[in-house]
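This report concerns only the one structure given below.
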Amino acid sequence: MHRVNIDRSDGAVTIVARGELDAYGAPELSDAFSELAREGRVVIDLSAVSFLDSTALGVVVRSVREIEERGDDSRVVLPKGSARRIFEITTLDRVLPVVETRAEALTGLRPARGT
């Protein structure tokens with residue numbers, strides 16, 4: 001079972017995912033990213049994700065790249081554990097902005113444009 005919510009607090013927009021993210025849950029995750037197409041500061045909180053398959057991982061990678069291409073900023077929250085292991089195996093933890101806590105993500109984001 002999975003859940004994907006959007007939290008619009010703390011000066012950034014946060015996608016909060018929980019549970020197992022697989023091919024079944026990937027469309028919901030993708031829809032959440034589509035809702036944020038104009039947001040400048042995005043946190044992807046995967047700290048409560050217990051499993052992440054290649055389909056969901058692809059959604060995260062594609063979405064982070066799209067955020068960067070439009071000149072905005074993002075962070076992926078992923079503490080040590082089973083879900084983070086897939087990022088380490090694929091070395092995505094070295095190319096994506098991965099941090100261990102939401103507080104660290106919010107601190108590391110660039111200021112919003114126009115401020």
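No lab work stands behind these numbers, since they all come straight from the coordinates. Just so it is clear, the structure is predicted and the values come from calculations on it, not from any experiment.
The table below gives the values:
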quantity	calculated
Helix-only mean residue ellipticity at 222 nm for the chain, each DSSP H run of n ≥ 4 adding -39500 (n - 2.57), per residue, nearest 500	-11000 deg cm²/dmol
Among (1) 14, 45, 34, 7, 0; (2) 14, 36, 34, 15, 1; (3) 15, 53, 30, 3, the entry derived from the coordinates for P(r) over Cα pairs in 10 Å bins from 0, in percent	(3)
